[in-house]
Each structure stands twice: as structure tokens, then as C-alpha cells.
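S.K.: Please see the structure below; I have some questions.
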Amino acid sequence: MMSGLALTSVVLLGIASQCTAIKVYTDWEKHALVGSDVRLSCSFFSWHWTSAEVTFSWSYRPDGAKESLSIFHYTNGAPYIATKGPLRDRLDFVGNPSRRDGSILLRSVDFNDNGTFSCDAKNPPDISGHPSNVRLLVVEKVPVQAGVITGSIIGVVLGLLILVVAIYYLMRFLVARRVFSLSMSRHGKKGKGKEGSQQRQASAVMDPAKLKAAASEKKKQESRREKK
């Protein structure tokens with residue numbers, strides 16, 4: 001009895017060691033313009049190499065509905081699109097199973113396509129996992145994403161910083177230019193004053209009348225001293 005239990009435990013442990021959980025990934029939410037085509041991505045993570053028996057299954061639950069509709073299945077290397085349902089004529093398989101991609105394309109979306117799409121993947125022996133859901137919102141205008149707003153704000157802030165730095169250096173240049181101009185103007189005036197004084201002295205030396213007047217004045221001063 002004990003040997004049978006031991007053998008069962010070994011078999012179960014062997015199966016558990018071969019089968020690990022698989023993680024399926026989709027977008028959390030997808031926006032699409034009415035009348036456009038939208039790609040619904042699905043991929044998975046598995047510890048094993050991609051198996052030739054990999055499968056992908058898509059289901060769709062419209063807004064307000066309680067039950068989901070099977071719309072797509074990929075198995076044995078071939079895609080199968082459901083022949084019934086509101087999406088049957090507008091679905092295409094655009095994935096690459098060898099790269100763990102089970103994406104589908106929904107063409108000409110309409111407001112009635114709003115709902116939840118679920119993707120499930122199996123990669124034997126990894127078959128234990130949970131489907132991943134993506135919410136489709138068909139709108140007239142795609143809303144601005146938070147990342148775009150953040151990027152715009154950062155761009156504006158950087159632009160303002162660059163403008164402030166440019167103004168700072170421009171003001172420094174203008175002040176330095178003004179100081180240089182004033183300095184040159186003062187040196188020029190000093191030079192002109194000194195040159196004018198030298199010219200007046202030279203003109204006095206060269207003028208005979210002024211020399212004669214200066215000599216006469218000198219004689220008068222000497223005559224006054226003698227009388228005293």
C-alpha cells in the first residue's frame with residue numbers, strides 16, 4: 001500500500017514539474033475611431049519553448065450582455081473564425097504564433113462593438129493560466145493620452161528654461177557692451193583735453209605778439225621791485 005502511494009506521488013510530482021503556469025497579456029483598454037480598424041494584441045509568457053500545439057482563443061462580451069461569444073480560435077497551425085455573431089465578417093488573424101503573438105484585427109468598428117474581448121493561450125505542457133481582458137471603446141475622437149499631456153508639459157517647461165537662460169546671457173552681453181562703450185568714451189575725452197592744453201601752449205610759444213607782451217610784463221614787474 002505504501003509503495004503505491006509513493007509511486008503516485010512521484011508521478012504527480014513529475015507532471016507538476018513539467019506543467020507550469022502561463023501568463024497571458026493584452027492591453028487593458030483600447031480606443032478606436034468609429035469606422036477604423038483596430039488591432040487587439042495578445043501574447044503570453046511561458047517557461048517552455050513555443051510548442052507546435054500552441055493555441056489562442058478569443059471571446060467577446062458586448063456591453064450590457066451577460067454571456068460571452070466565442071469569436072476566434074487558433075489550433076493545429078490554423079485560424080478559425082466564428083461563422084456566427086456580429087463580428088464574423090470583420091475579423092482577421094494578424095498574429096504570429098511562433099513568436100507567441102495571437103493578435104486579431106477588427107475592421108470597420110462601430111459603436112455597437114463596444115465591449116470586453118478576452119484572450120486565452122495554451123502552450124503545452126504549460127496549460128494552466130487565466131485569460132486576459134481588453135476593453136474596447138469606440139469613439140468619434142480618440143482622447144489625448146496622459147503620456148502625451150505629460151510630454152507636452154515637460155516640453156513647455158524646457159522651452160521656458162531655455163528662453164530664460166537666453167535672456168540672461170543676452171542681458172549680460174548688453175551690460176558688458178554698455179560698460180565698454182562708457183569706458184572708451186571717458187578715455188577719449190581725457191585724451192582730447194590733454195591734447196588741447198598742449199596745443200594752447202604751443203600756440204602761445206609760436207605767437208610773437210604774445211611773447212612780446214609777456215616780456216613787457218616781466219620788465220614792469222622788475223621795475224616795481226627796484227623802486228621798492
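S.K.: Can you name the residue in the range 82-106 that is touching a strand residue (DSSP E or B) at 6+ places or on another chain (Cβ under 7 Å) and surrounded by fewer than 18 Cβ atoms within 10 Å (Cβ to Cβ) and is also farthest from Gly35 (Cα to Cα) among such residues? Let's see the steps before the verdict.
M.R.: Step one: of the range 82-106, the residues touching a strand residue (DSSP E or B) at 6+ places or on another chain (Cβ under 7 Å) are 82, 85, 87-88, 90-95, 97, 100-106.
Subset that is surrounded by fewer than 18 Cβ atoms within 10 Å (Cβ to Cβ): 82, 85, 88, 90, 92, 94, 101, 105.
On the way: Ala82: 22, Gly85: 19, Arg88: 16, Arg90: 12, Asp92: 16, Val94: 19, Asp101: 25, Leu105: 13 Å.
The extreme case among them is Asp101.
S.K.: Has the range 88-105 got at least one residue that is farther than 22 Å from Val24 by Cα and β-branched (Val, Ile, Thr)?
M.R.: no
S.K.: Kindly establish whether Thr55 is under 15 Å from Ser103 (Cα atoms) and among the hydroxyl-bearing types (Ser, Thr, Tyr). Reasoning before the result, please.
M.R.: Values: under 15 Å from Ser103 (Cα atoms): yes; among the hydroxyl-bearing types (Ser, Thr, Tyr): yes.
Yes, satisfied.
S.K.: If I ask for residues that are small (Gly, Ala, Ser) and either surrounded by fewer than 18 Cβ atoms within 10 Å (Cβ to Cβ) or assigned to a helix (DSSP H, G or I) (or both), which ones from the range 107-142 would you list? Full working, then the answer.
M.R.: Our first condition is that a residue be small (Gly, Ala, Ser); within the range 107-142, this holds for 108, 115, 118, 121, 128-129, 132.
Across the range 107-142, the qualifying residues are Ser108, Ser128.
S.K.: To continue, here is another question. Check Ile71 against each of (1) modelled with pLDDT of 95 or more; (2) open to solvent by 70 Å² or more (accessible area, probe 1.4 Å) and name the one condition it does not meet.
M.R.: Going through (1) modelled with pLDDT of 95 or more; (2) open to solvent by 70 Å² or more (accessible area, probe 1.4 Å) one by one, Ile71 breaks only (2).
S.K.: Can you tell me which residue in the range 50-68 is most open to solvent (accessible area, probe 1.4 Å), limited to those that are part of a loop (DSSP other than H, G, I, E, B) and hydroxyl-bearing (Ser, Thr, Tyr)?
M.R.: So the residue we want is Ser68.
The values are calculated or read from the model by the stated rules, or taken from the named source; none is laboratory data. Since we're looking at a predicted model, the values are computed, not measured. Glycine also receives a Cβ, built like all others from the backbone with ideal geometry; neighbour counts cover every protein chain displayed. Surface accessibility is based on the protein's heavy atoms, side chains included, excluding ligands, DNA and RNA. Shrake-Rupley method; radii C 1.70, N 1.55, O 1.52, S 1.80 Å.
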